[in-house]
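Scroll down for the structure; my scribbles are underneath it.
The values are calculated or read from the model by the stated rules, or taken from the named source; none is laboratory data. All values derive from a computational prediction rather than experimental measurement. Positions of Cβ are generated from backbone atoms using ideal geometry, with glycine treated the same way; all protein chains shown enter the neighbour counts.
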Amino acid sequence: MRPADSSTPPVVPRYTPPTLKLPLLISALLLVLLAIGWQLRDPAGSATSADASNVIGDEGDERTEVEAIEAGLAISTIDVVVRAGDSLDRIFRQLELSLQDLAAMRALPELRRQLDRLYPGETLTFSLREGSDTQAAELLSLERKLSLSETLTITRAAEGFSSDVIVNPLERTIHTTEGEILQSLFVAASRAGLSDSMAMQIADVFRWDIDFVLDIRPGDRFRLTYEKLSQDGVSVGDGNLLAVEFVNQGRSYRAIRYERDGQADYYTPDGQSLRKAFLRAPVSFTRISSRFNPYRRHPVLNRMRAHRGVDYAAPTGTPVKAAGSGRVRFVGNKGGYGKVVEIDHPNEVRTLYGHLSRFARGLNRGDKVSQGDVIGYVGMTGLATGPHLHYEYLLRGVHKDPQKVALPNAAPIPESELAAFQQHAAPLLASLDQLSPAPLLAGRRQAGSDRTKAL
């Protein structure tokens, strides 16, 4: 019997006796419904993918064609947050991915450097074709954000893997603001609408001249011209600190950001470098627990013993930085100093860092270090009553007070570049004076009055 259209009543045979008309109608309808159900269940009754998609549509499945394909391929996306000590090798093993694929990716030109160093807290996005009991999952793509505007994408291709860096430009807008310190630099910066990272930039610029732990006073003030970054209309943070003035105990310090040979640094308005050959303190934002004192009573030995350095109290694990560039003279244990690093610097200067909890990974005697490199971490090894850094500064073998010794300046702007520097600095200094940088900075950064610039 040919199935009838379910939308019209079934046709009843004319020879049916009147007394049996109703039961036969019901039977015929049941047969029609059974026939339609069987046809839908019969695989042979639907030979084409078009028919199958019609059935899916009739059942109200709202998946798109792409989603249906992905579901058929069993593709999944996994976000992995990098933890301390993680490497791609470790992550691949945890996800049970092929280490041969990792080796193939690292073999691509310039890709090894972009893959080998991971940072705790960053997110890696893996796209996988799910495996089975007998087959491991297969990596289809890997994404890593290189910067706010750049994303590295590695994709499986027929012949292996290919990589590309996708750029989503940032926009920079120029702002000028000011603040007054009542409690701390960070509180004042927050009240002025600045981020903690911008407050750190201010402290970093003046770290050779101002001790932001000991020297700051209520009433100190600052003003700065800086960049705000946005992407697709959404704020993503602060950019460069372009110019800044800090008034500390009535004395004004000014700094201008200037690039030379691709390297940015900060200079005074007359072209002198703010950078000194040595940092005033090798640790950031700590308190001094014991000053340079040749007649101090030792807290452990309980007898008079010269304290030929400065102690900086800080939590165990706080990074300790090389005060200046030089070569590592000693790494190891040394009596009451505990774990110690000593560095030889030019002009017969030597610095010592004691009571460390551990050394920077891979640091060895004879290594060259640059100013600001992390060489170890605060601890309380040796004769110490609490976690702190003991720091000494020696000139020609004689101990000097690190807080008072005159520190030599770095090189100033060369005479041949001074005119270009002054031309660059003029609108920035005017922005600090007038707190209205728009006309000057807009004209300098790009033609016209639009102050927004895409990177």
Only one of S190, S147 that is surrounded by fewer than 16 Cβ atoms within 10 Å (Cβ to Cβ) and within 16 Å of L229 (Cα to Cα): S147
Identity of the residue in the range 324-343, touching a His at 6+ places or on another chain (Cβ under 9 Å) and within 14 Å of A360 (Cα to Cα), that ends up surrounded by the fewest Cβ atoms within 10 Å (Cβ to Cβ): K339
Flag if N364 is modelled with pLDDT of 90 or more, under 31 Å from the mean Cα position of the chain (by Cα), of a type outside the set (K, R) and loosely packed, with under 15 Cβ neighbours inside 10 Å: yes
Filter result for T351 (at pLDDT 90 or above and surrounded by fewer than 20 Cβ atoms within 10 Å (Cβ to Cβ)): no
Qualifying residue in the range 263-273 (condition: touching a strand residue (DSSP E or B) at 6+ places or on another chain (Cβ under 8 Å), more than 30 Å from K400 (Cα to Cα), modelled with pLDDT of 90 or more and not aromatic (F, W, Y)): yes
In the range 94-141, the residues that are of a type outside the set (D, E) and on the phi > 0 side of the Ramachandran plot: G121
Selection within the range 393-432 - surrounded by 12 or more Cβ atoms within 10 Å (Cβ to Cβ) and either touching a His at 6+ places or on another chain (Cβ under 6 Å) or over 30 Å from G326 (Cβ atoms) (or both): A420, Q422, H424, A425, A426, P427, L428, L429, A430, S431, L432
Residues located in the range 93-119, provided they are within 22 Å of the chain's Cα centre (by Cα) and either in a loop (DSSP other than H, G, I, E, B) or modelled with pLDDT of 90 or more (or both): E110, R117, L118, Y119
Residue identified as within 22 Å of R275 (Cα to Cα) and touching a residue at least 40 places away in the same chain (Cβ under 8 Å) among H345, H388: H345
Lone unmet requirement of (1) touching a residue at least 40 places away in the same chain (Cβ under 8 Å); (2) under 25 Å from the mean Cα position of the chain (by Cα) for F161: (2)
Meets criteria (surrounded by fewer than 20 Cβ atoms within 10 Å (Cβ to Cβ), farther than 30 Å from P169 by Cβ and modelled with pLDDT of 85 or more) for G237: no
Inter-residue pairs, beta-carbon under 7 Å, first at positive phi and in the same structural domain as T381 (by TED's automatic domain parsing) and in the range 310-334, second polar (S, T, N, Q) and in a strand (DSSP E or B), 6+ apart: G317/S357
